Each structure stands twice: as C-alpha cells, then as structure tokens.
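The block underneath contains the structure these notes are about, expressed in structure tokens.
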Amino acid sequence: MIGRRITHRTADGVRIPGTWRHAFIRNGSSYFLTDLFIYADGLIDCWGLVTVGEFEEKLRTGWVATTFPDGAKASAHDLARWKFSESRTGLTPELFAAEVRDTIDRLNDRPDATGRCLAAVDVFLADRTEENRTAARDAFLSIPATKRRYALGDMDSKDGPLRVLVAGPGGTTYQPTDPPVTQDSYDRAVAYFEDRARWKGERDTHVLADGPAAPHSPAVRLHHSHAHEPRAHPGQLGLRHDYPAPVTVKESAYPSVAHAYWALSVTQPEVHDAIAAADTSSAARRLAAGGTRREDWAHVRTAVMTGLLRAKYDQHPELAEILLATDDATLIYDDVDSIYWGDNGGRGRNWAGRLLELVRSELHMRRAGLSGL
C-alpha cells in the first residue's frame, strides 16, 4: 500500500511520516473519491484526523464507504460526476481496517501481517510439527485477503507455495477452487521455500558496489542559534554559518560565514563593508536586505556558500574536526529566515545541511589521501 506514496505531516515540530490511498467518503447520499492519509503515529485523515478505533467506526457506519448502491451519486475531485451501477468491490470494512493497521506497522518498521506470517513459516520449516504448521496457517489467514497473493513478493507463483505449505499433505487451502494438497505438490512447496531461503541468504550477503544507500549515524539537527562570541568548546554550534569563526576570502576578512555570504550578495562597496563590520549575522542580513542584490545572486549563491564553507573549515581545523565527528549523519539545518537554506520542520530545502555534508565528504577525502583527484 505504501510504495512510492510517501507523505508526512508536522505535529509540534515533529515530522510524522505517512502514505495515502484512494477511498470513498459518503457524505449524505453522495460519495466522494478522495485521498485517505495514514500516518505512523496511528492517525488517519479521512476528512479529519481520527484514531484507528475512530476510523473503524467510520467504516462501520459507512462514512468511509466500501459498498455503493446502484443509482448513488459520486464525484472525483471535481473532475467527473457519475452514478453507480452494478459496482463490484472485494473490500469490506474489516479488510480495509486490516490493511490500514498493516500500513501503520510498515510505517513504523514493524512486522505487518505478512511479516508475522513469514516468521511463523520460518519457525515451521525449522521444526515441522503440526503445532507450528497450525500457527503458520493462522498467521497466513491473518493477512488481509486482498494482500495474501503478494505475501511472497513473487508475481509468478503468487501465494501458491505458501497456501500449500501451511495446508499440508491432504489439507485444503483457503481457495475453494484448489484441489486437496497432494504429497507431490507439498514437496514442491517445501523445495520452493528451501530455494527461497538460499536466494535470500545470497542477497543478504551481497556486497554493494558503492556502499550503503543511507547513513548509519543518527541524523544531527543544527538548531537555530544566536552565538555572538566564540566558545572554547562550541560543539555542533560551531557548524552554524553564523557562528563567530572569522573567514578570509580574497584578502577580505569576515566575522563569520554568514557575514561573508551577505556581504558578497550586494553590489555597493559601502554596503559590503558595512555588512562585514556588522556586530551580528542578523544585522548583516538586515543590511543586505536594504542593499542592491547582485542580479545573478540566485544562480551563484549555492556555489558562493560552498566556497565559504570550504574556507571556514580549512581555516578552522578545530571546527573541521567537529564536522568530521558527525560521521555520515544527515545534517538538518534550521534557518528561521530561509526555507532555501533551512530544513525548517520538513518545509525547507535544507541546502545548508546538504552543503555541510558535501564539505564533510571533501574533508574525509583529503584525510584519505585522495585530494589530488
């Protein structure tokens, strides 16, 4: 259900991951096709945030609809209107609720019904008692019926080997059209799972050619600050652009990266000099806002900031060590004045954090002796 449908909402400054799917809301006698949002904290947005229990009640009462009477009016996002006629759906309120609960489990990286089933199957294959087979069969039947065919992730075999395995020789599957399980079909199912275990083992030991796709260190948030004086041990505060670490660029000295950035953004020499002499980075920004901006600033500002950060960490080895100590963590930079530079609760582009990660990688490269590339 999740796939590429990734979204989030922000609650008390915390980013809550989520996903969405289509659903019909019945309002009065009309039905409206809408997006139903499901979040990791267990809230569901179906024209208003509700808990799982409240969502199940909306399913029970038909507010979130799974059946559609002939002649009922429907509309979709003002794109089309129609009336239902001979509508068909395999979705029941119980199935819909089970799918939503599964989705919440996956959003929290917990085993969903399919994961719990496959774990029970592993237990049975390791110790093939009837008790373990019954547990695996119960776990399989707990997967929402609409999702069972996808349990193995095998679009050729679907769930065939799984339903045969848990039924056992002489048993019957949940599909009424399946014949009783023969010893031969059971043996083929066991062989399928043995091959599957081998494939999985090979995949799990496969070494990626280019290293991990995601950082292994926890993300680091660089909170907004107003540091006006340098500190003996600044910690991650020293990674802020406005931290008072003087930088010299083309024989011009600036009290901080932020001062240099704003000074270089204006065209008038006198404003440049006033920004460079400003008491604080906030004052520097205000002076820049009142000056005349370079016409090409939007095109060059990212490269300018990259150069300033390189200068900062070249000229302040102690701060470079703090940056290197963040390892490969995602750096989340808060900037109340800019959604371009700041992450700002997931609403910004976080270019400041991304450029810090780039400079950090360059520092690692230099330390590894690859700086001549």
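None of the figures in this text is laboratory data; all of them are computed from the coordinates on show. Bear in mind that the values here come from a model prediction, so they are computed numbers and not experimental data. Cβ sites come from the backbone with ideal geometry, for glycine too, and all protein chains shown count toward neighbours.
Where does the charge balance sit around VAL257 when Lys and Arg score +1, Asp and Glu -1, over other residues with C-beta under 13 Å from its C-beta? Don't skip to the answer; put the middle values down first.
Working: positive: ARG240, ARG285, ARG301, ARG310, LYS312; negative: ASP242, ASP314, ASP335.
Combined, the nearby Lys, Arg, Asp and Glu give +2.
On C-alpha positions alone, give me the angle between the axis of helix 52-61 and the longest principal axis of the chain, in degrees, nearest 10.
Result, in degrees: 50.
How big is the charge dipole of segment 220-367 about its Cα centre, in debye rounded to the nearest 20, if each Lys and Arg gets +1 on its Cβ and each Asp and Glu gets -1 on its Cβ? Display every interim value, and only then the final one.
Numbers: 17 positive and 19 negative charges, 52 e Å.
So the dipole magnitude of segment 220-367 works out to roughly 240 debye.
If the reach is capped at under 15 angstrom between alpha carbons, list the aspartates and glutamates near LYS250, excluding any in the same chain fewer than eight residues apart.
Result set, ordered by chain and number: ASP273, ASP314.
Give me the net charge of ARG60's neighbourhood, meaning all other residues with Cβ under 12 Å from the Cβ of ARG60; Lys, Arg count +1, Asp, Glu -1. Can you show the working numbers first?
On the way: positive: LYS58; negative: GLU54, GLU56, GLU57, GLU94.
Residues close to ARG60 contribute a combined charge of -3.
Among ILE6, GLY28, ILE38, whose Cα sits farthest toward the positive end of the charge dipole of segment 2-44 (+1 at Cβ of Lys/Arg, -1 at Cβ of Asp/Glu, about the Cα centre)?
Of ILE6, GLY28, ILE38, it is ILE6.
State, as an integer percentage, the relative contact order of segment 220-367 based on alpha-carbon contacts under 8 Å between residues 6 or more apart.
Numbers: 224 pairs, mean separation 30.9, N = 148.
Relative contact order here is 21 percent.
Just add up the charged neighbours of THR34: K/R +1, D/E -1, any other residue whose Cβ is under 13 Å from the Cβ of THR34. Could the numbers behind the result be given before it?
Numbers: positive: ARG21, ARG26, LYS58; negative: ASP35, ASP45, ASP78.
That works out to 0.
Sorted by mean Cβ packing within 10 Å, highest first, what order do the peptides 188-196, 139-147 take?
Details: 188-196: 15.1, 139-147: 18.3.
The packing order, highest mean first, is 139-147, 188-196.
Counting pairs of alpha carbon atoms under 8 Å apart in space and at least six apart in sequence, what relative contact order in percent does the chain give?
Details: 519 pairs, mean separation 32.7, N = 373.
Relative contact order for the chain comes out at 9 percent.
Run through segment 1-102 and list the GluC sites (Glu not before Pro) located in a DSSP loop whose Cβ has at most 13 other Cβ atoms within 10 Å.
On the way: sites: GLU54, GLU56, GLU57, GLU86, GLU94, GLU99; in loops: GLU86.
Loop-located and lightly packed - GLU86.
Counting only helical runs of four or more DSSP H residues, what would the 222 nm mean residue ellipticity of the chain come to if each run contributes -39,500 (n - 2.57) and the total is spread over all its residues? All intermediate terms of the calculation are to be shown ahead of the outcome.
Working: 12 runs with 151 residues, N = 373.
Only helices count here, giving -12500 deg cm²/dmol.
Whole-Hz ³J(HN,Hα) for each residue in segment 149-165, computed from phi via Karplus 6.51 cos²θ - 1.76 cosθ + 1.60 with θ = phi - 60°, x for glycine and proline: what do you get?
5, 9, 4, 8, x, 10, 6, 8, 8, 6, 9, x, x, 6, 5, 6, 4
Give a residue-ordered list of calculated ³J(HN,Hα) values for segment 103-118 (Karplus: 6.51 cos²θ - 1.76 cosθ + 1.60, θ = phi - 60°; whole Hz; x for Gly, Pro).
Once θ is set to phi - 60°, the couplings for segment 103-118 become 4, 5, 4, 5, 5, 9, 6, 9, x, 8, 4, 5, x, 5, 5, 5 Hz.
Order these by the 10 Å Cβ neighbour count, fewest first: TRP82, TRP20, TRP262.
On the way: TRP82 11, TRP20 19, TRP262 25.
Going from least to most buried by this count: TRP82, TRP20, TRP262.
When every alpha-carbon pair in the chain is counted, what percent end up more than 38 Å apart?
Values: 32654 of 69378 pairs.
Result for the distance tail: 47 percent.
Could you work out the pair-distance distribution P(r) of segment 1-118 from its alpha-carbon pairs, with 10 angstrom bin width and percents rounded to whole numbers?
13, 42, 32, 12, 1
In debye, nearest 20, what is the charge dipole magnitude of segment 137-185 about its Cα centre with +1 on Lys and Arg Cβ and -1 on Asp and Glu Cβ, if you could check?
Values: 6 positive and 6 negative charges, 41 e Å.
Using Cβ point charges on Lys, Arg, Asp and Glu, segment 137-185 gives about 200 debye.
Output the peptides 347-358, 152-163 sorted from most to least packed, where packing is the average of other Cβ atoms within 10 Å over each peptide's residues. Write out the running numbers ahead of the final one.
Working: 347-358: 19.2, 152-163: 16.8.
Averaged packing, sorted descending, gives the order 347-358, 152-163.
With the calculation restricted to Cα positions, what are the radius of gyration and Dmax of segment 113-203 in angstrom?
12.1, 36
Among bridges DSSP assigns within the chain, what percent are antiparallel (round to 5)?
On the way: 29 of 36 bridges.
Roughly 80 percent of the DSSP beta bridges within the chain come out antiparallel.
For segment 170-182, what does the Karplus curve 6.51 cos²θ - 1.76 cosθ + 1.60, with θ = phi - 60°, yield as ³J(HN,Hα) per residue in whole Hz, taken in order and with x for Gly and Pro?
x, x, 10, 8, 6, 8, x, 8, 6, x, x, 6, 8
Viscosity 0.890 mPa s, temperature 25 °C: Stokes-Einstein D of segment 229-350 from its Kirkwood Cα radius, in µm² per second?
On the way: Rh = 15.0 Å.
For these conditions, the coefficient is 164 µm²/s.
Return the whole-Å distance between the Cα centroid of segment 247-321 and the Cα centroid of segment 167-242.
43
Using the Cα centre of segment 104-263 as origin and beta-carbon charges of +1 (Lys, Arg) and -1 (Asp, Glu), tell me which of ALA139, HIS224, TRP262 is placed farthest towards the positive end of the dipole.
TRP262
Over segment 113-203, what is the relative contact order in percent, taking alpha-carbon pairs closer than 8 angstrom and at least six residues apart? Before the final figure, lay out the partial values.
Numbers: 87 pairs, mean separation 18.3, N = 91.
Relative contact order for segment 113-203 comes out at 20 percent.
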